[in-house]
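Student: Submitted below is the structure of interest, expressed as structure tokens.
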Amino acid sequence: MDRAGIPIYLVRWAGAQVLTALGRIGGMAILLSVTARWVYKAIFTPKARFDVEGLTVQMVRVGVKSVGVVALVQIFIGVILALQMTPPLEPFGQEGMVSNIIGVAGFRMLGPIITAVVLSGFAGASIAAELGTMVVSEEIEAMEAIALNPIRYLVVPRILATFVMTILLTIVADWMIAVGGWVTSRLVLGPESYVGYWVRMREQLRYRDFVTGLIQAGVFGILISLIACHEGLKVTGGAEGVGRATTKTVVYSIVAIVIAACICTMIFYAFEL
Amino acid sequence: MVETQEQPVRTATPVISVVDLVKRFDSKTVLDGVTLDVFPGETMVIMGGSGCGKSTLLRHMIGSMQPNEGSVRLFGEDLVVLSEDQLNAVRKRFGILFQSGALFNSMTVGENVALPLNEHTDLDEATIDIMVRIKLELVGLREAVDLMPAEISGGMKKRAGLARAIALDPEILFYDEPSAGLDPVTSAEIDQLIMDLTGKLGVTSVVVTHEMDSAFRIADRMGMLDKGRMLKIAPRAEFEAIRDGEATGDEMTDLIRQFLRGDSEGPITDRRRETGYEEDILEMAGGP
Amino acid sequence: MNQDSHSSPVQSERWVGRATVVEVAGDIDLHRSSQFQQSLLDVVDRNPERIVVDLGGVGYMDSSGVASLVKLLSRTRKTGVGLRLVGLTRRVQSVFEITRLNTVFEICQTEEEALA
């Protein structure tokens, strides 16, 4: 015990946590910079061609397979928003404003964030498990041994695919939230809400609402795939390690998504976007 | 010319040269000053028990691990200081068979073998197809060309891994525990392949194993690794003499002898007993 | 022994009656196989009755070189041209043996035998 009365092990523990976190962030930063270099090379040098086939496979795996779940979840988000937001508006006779609220909340935040959370469970976990299994079965080492760079052949297509598909899925998600809200108004709430629902939403929304949402979606997509690749590639200790990596991927992704969303919102707010 | 290199010539320049290699993980020293030369056309077998550092040594020789001290030279190039591009140029000149075969599970056997050819040569598809068939025939796996790795047995995976390792006609082949997990017949088949590749094509082989039958079958020279130190490097005959001879009383020789014979009594087991069991257990009981 | 990788391994071609004897020299590896292959297929286009490939000057041939010869064999079989290999050095002979292609190709000891 030191004089301040803080047990030394607590300080040590906190210090160790900070160090691991910094180490992890550093590792991901390196991974991201190497990935960026390969993408740059693929675009600007004729020799290092893009693996279009690999990219397509990954886009299908990330996007097409999760589109159903994303749509389903987002419809329910729309339903929830409509049901929760209408009662507080009633005393003011502004039930119709629910469509404006759903529009802003959905397009700016809930569309991208919920899509990203679903994808971190869907794509993130499966990428981490896949790469982790490849580490365990010596496939990554084998790739290096035959002079193929694992970052170029495995990480680059996964990050690009997740980046693109998070954005595309968010577009779907935005509309699903709006549809969920509309269906609820129609079936449960009443004509004050649904008459002119789409017109009001259209009047409320600016392009920047839509675009800032998609920018965030892109950031989330990179974060999810980066975390998944990083955790997957540093798996040790067999099948158990693969399990740990998938759990970590999902947890870290969700934390990272929320923090990134907060930072993005602050920036958009500061620049009045 | 290459013609004259039927028998390994000691005066030749080594193709692999490991000098004073030290590797530590945290505070644990896994390789403690290992020095080893491998000459063109010979088969060098590195033996040792679990955790002796032989896999770590292999990983340094293929450039997938960086040592704390010392150097690893392949074809005269120091792997430690090479850039990634230079290292990749060296990697195209050797092949490695991993313990599990390490096939890419998302590709067929044929695609696995074709991958290095597709990525690193300008050959047309038809030529690559022929080469894939030739490599698979060599390992006796031509009928498996369109199968997925999940559909074939462990022994077949290993043979397919070997076919991929020799895709670019390497000058050196590394084998990590080639007979681990195989039945005796399959294991002997793999050994025969190793010998054919060395004998007929002049490939230099480095084999890491703890299977003594296999080691004595294929080795020209052998090295015994223990606790990160290279105890002895000698021609196979010398190790055979130790194995078949009587205990000498010399600790190192007896240790090697116990390992080669797989005896349950000897210096290796004695060492395990000298770990202060008595003090340890008395301390648990509240000190002496 | 490392020839310019752009020069063709095919040193000369000469007609002996209706047969063409192709003399090959140097190492045939991944870098020179494409050229080797092209030169050989060009010979087929000149419509000889038989092609004799003299590998006497080849010290080293890897599997891409063998694959090139397989391609030539397949072409000659289609067009009904005979193909014989001659003058294999021990090392090249080993490559054919280990790949079991010595049973697929007609391998002769001497040029006279190949032309007979």
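Student: Residue by residue through region A:234-262, note down the ones that are more than 10 Å from A:Ser120 (Cα to Cα) and open to solvent by 50 Å² or more (accessible area, probe 1.4 Å).
Tutor: A:Lys234, A:Thr236, A:Gly237, A:Ala239, A:Glu240, A:Arg244, A:Thr247, A:Lys248, A:Val255, A:Val258, A:Ile259, A:Cys262
Student: Right, something else. Residue by residue through region B:52-68, note down the ones that are touching a residue at least 12 places away in the same chain (Cβ under 8 Å) and either more than 12 Å from every other protein chain (Cβ to nearest Cβ) or over 21 Å from B:Gly202 (Cα atoms) (or both).
Tutor: B:Cys52, B:Gly53, B:Lys54, B:Ser55, B:Thr56, B:Leu57, B:His60, B:Gly63, B:Met65, B:Gln66, B:Pro67, B:Asn68
Student: Has region B:126-135 got any residue that is surrounded by fewer than 20 Cβ atoms within 10 Å (Cβ to Cβ) and farther than 20 Å from C:Ile98 by Cα?
Tutor: Among the residues of region B:126-135, at least one is surrounded by fewer than 20 Cβ atoms within 10 Å (Cβ to Cβ) and farther than 20 Å from C:Ile98 by Cα, which makes the answer yes.
Student: Only residues that are part of a helix (DSSP H, G or I) and surrounded by 15 or more Cβ atoms within 10 Å (Cβ to Cβ): list them for region C:102-111, please.
Tutor: C:Asn102, C:Glu111
Student: Of the residues that make up region B:250-261, is at least one touching a Ser or Thr at 6+ places or on another chain (Cβ under 7 Å) and in contact (Cβ under 8 Å) with a residue 24 or more places away in the chain?
Tutor: Looking through region B:250-261, none of the residues is touching a Ser or Thr at 6+ places or on another chain (Cβ under 7 Å) and in contact (Cβ under 8 Å) with a residue 24 or more places away in the chain.
Student: A follow-up question, please. Considering each of B:Phe75, B:Phe104, B:Phe98, B:Phe94 in turn, give the residue that is under 23 Å from the mean Cα position of the chain (by Cα), among the aromatic types (Phe, Trp, Tyr) and open to solvent by 20 Å² or more (accessible area, probe 1.4 Å).
Tutor: The unique qualifying residue is B:Phe75.
Student: In region B:154-167, which residues are open to solvent by 30 Å² or more (accessible area, probe 1.4 Å) and either within 11 Å of chain C (Cβ to nearest Cβ) or of a type in the set (A, V, I, L, M, F, W, C) (or both)?
Tutor: Within region B:154-167, B:Met156 is the sole residue that qualifies.
Student: State which residue pairs qualify: first residue over 19 Å from A:Ala245 (Cβ atoms) and inside region A:21-42, second residue at pLDDT below 90 and loosely packed, with under 12 Cβ neighbours inside 10 Å in any location, beta carbons under 9 Å apart, and separation of 6 or more residues or different chains.
Tutor: Within 9 Å, the pairs are A:Lys41/A:Lys47; A:Ala42/A:Arg49.
Student: Only residues that are within 19 Å of A:Val250 (Cβ to Cβ), away from chain B (no Cβ under 14 Å) and crowded, with 24+ Cβ neighbours inside 10 Å: list them for region A:143-164, please.
Tutor: Once the filter is applied, which keeps residues that are within 19 Å of A:Val250 (Cβ to Cβ), away from chain B (no Cβ under 14 Å) and crowded, with 24+ Cβ neighbours inside 10 Å, region A:143-164 yields A:Val155, A:Ile159, A:Ala161, A:Thr162.
Student: Let me ask something else. If the requirement is being within 14 Å of another protein chain (Cβ to nearest Cβ), buried (at least 18 other Cβ atoms within 10 Å of the Cβ), part of a helix (DSSP H, G or I) and touching a Gly at 6+ places or on another chain (Cβ under 7 Å), which of these qualifies: A:Ile140, A:Ile75, A:Ile167, A:Ile127?
Tutor: A:Ile127
Student: So which residues in region A:174-189 are out of contact with any Leu (no Cβ under 8 Å at 6 or more places or on another chain) and open to solvent by less than 10 Å² (accessible area, probe 1.4 Å)?
Tutor: A:Asp174, A:Ala178, A:Ser185
Residues checked against (1) facing another protein chain (nearest Cβ under 8 Å); (2) part of a helix (DSSP H, G or I); (3) closer than 28 Å to A:Leu131 by Cβ:
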{"site": "B:Gly70", "(1), (2), (3)": "no, no, no"}
{"site": "B:Val90", "(1), (2), (3)": "no, yes, yes"}
{"site": "B:Ile96", "(1), (2), (3)": "yes, no, yes"}
{"site": "B:Ala102", "(1), (2), (3)": "yes, no, yes"}
{"site": "B:Asn105", "(1), (2), (3)": "yes, no, yes"}
{"site": "B:Ile130", "(1), (2), (3)": "yes, yes, no"}
{"site": "B:Ile134", "(1), (2), (3)": "yes, yes, no"}
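Student: Let me ask another. For region B:168-188, enumerate the residues that are under 20 Å from B:Val109 (Cα atoms) and within 13 Å of chain C (Cβ to nearest Cβ).
Tutor: Residues satisfying the conditions are B:Leu168, B:Asp169, B:Pro170.
Student: Right, another one. Checking B:Arg229 against (1) buried (at least 19 other Cβ atoms within 10 Å of the Cβ); (2) touching a residue at least 60 places away in the same chain (Cβ under 8 Å); (3) touching an Asp or Glu at 6+ places or on another chain (Cβ under 6 Å): exactly one of these is not met. Which one?
Tutor: (1)
Student: Given the residues B:Ser205, B:Ser214, B:Ser264, which is the only one that is hydroxyl-bearing (Ser, Thr, Tyr) and either surrounded by fewer than 17 Cβ atoms within 10 Å (Cβ to Cβ) or in contact with a Gly (Cβ under 7 Å, 6 or more places away or on another chain) (or both)?
Tutor: Being hydroxyl-bearing (Ser, Thr, Tyr) and either surrounded by fewer than 17 Cβ atoms within 10 Å (Cβ to Cβ) or in contact with a Gly (Cβ under 7 Å, 6 or more places away or on another chain) (or both) holds for just one of B:Ser205, B:Ser214, B:Ser264, which is B:Ser264.
Student: Can you work out which of the residues in region C:8-52 that are over 16 Å from C:Glu112 (Cβ atoms) and among the acidic types (Asp, Glu) is nearest to the other protein chains (Cβ to nearest Cβ)?
Tutor: Among them, the one singled out is C:Asp29.
Student: Kindly indicate which of B:Leu147, B:Leu141 is over 16 Å from the mean Cα position of the chain (by Cα), among the aliphatic types (A, V, I, L, M) and open to solvent by less than 30 Å² (accessible area, probe 1.4 Å).
Tutor: Unique residue meeting the criteria: B:Leu141.
Student: Still on this structure, please answer the following. Give A:Val135, A:Val183 a once-over and let me know the one that is in a helix (DSSP H, G or I), at negative phi and either in contact with a Pro (Cβ under 9 Å, 6 or more places away or on another chain) or within 14 Å of chain B (Cβ to nearest Cβ) (or both).
Tutor: Sole residue among the options that is in a helix (DSSP H, G or I), at negative phi and either in contact with a Pro (Cβ under 9 Å, 6 or more places away or on another chain) or within 14 Å of chain B (Cβ to nearest Cβ) (or both): A:Val135.
Student: Only one of these conditions is not met by A:Leu273: (1) under 18 Å from the mean Cα position of the chain (by Cα); (2) surrounded by fewer than 24 Cβ atoms within 10 Å (Cβ to Cβ). Which number is it?
Tutor: Against the list (1) under 18 Å from the mean Cα position of the chain (by Cα); (2) surrounded by fewer than 24 Cβ atoms within 10 Å (Cβ to Cβ), A:Leu273 comes up short only on (1).
Student: Being open to solvent by less than 40 Å² (accessible area, probe 1.4 Å) and either over 19 Å from the mean Cα position of the chain (by Cα) or more than 26 Å from A:Ile263 (Cα to Cα) (or both) is the filter here; which residues of region A:89-124 pass it?
Tutor: A:Leu89, A:Glu95, A:Gly96, A:Val98, A:Ser99, A:Asn100, A:Ile102, A:Gly103
Student: Can you tell me which of B:Thr43, B:Thr35 is modelled with pLDDT of 90 or more and open to solvent by less than 20 Å² (accessible area, probe 1.4 Å)?
Tutor: B:Thr43
Student: Moving on to the next point. Taking region B:80-91 as the region of interest, how many residues are open to solvent by 10 Å² or more (accessible area, probe 1.4 Å), closer than 24 Å to B:Val207 by Cβ and in contact with a strand residue (DSSP E or B) (Cβ under 8 Å, 6 or more places away or on another chain)?
Tutor: 1
Student: Mind telling me which of the residues A:Phe220, A:Phe268 ends up being over 23 Å from A:Ala129 (Cβ atoms) and either of a type in the set (A, V, I, L, M, F, W, C) or touching a Leu at 6+ places or on another chain (Cβ under 8 Å) (or both)?
Tutor: Criteria check complete, one pass: A:Phe268.
Student: Can you name the strands (runs of 3 or more DSSP E) wholly within region C:1-101 that have at least 3 residues being open to solvent by 60 Å² or more (accessible area, probe 1.4 Å) and of a type outside the set (Lys, Arg)?
Tutor: Answer list for region C:1-101: C:10-16.
The values are calculated or read from the model by the stated rules, or taken from the named source; none is laboratory data. Bear in mind the structure is a predicted one, so any value in this text is a computation, not a measurement. Glycine gets a Cβ as well: all are built from the backbone with ideal geometry, and neighbour counts include every protein chain shown. Areas reflect the complete protein model, heavy atoms only, side chains present, ligands, DNA and RNA absent. Shrake-Rupley method; radii C 1.70, N 1.55, O 1.52, S 1.80 Å.
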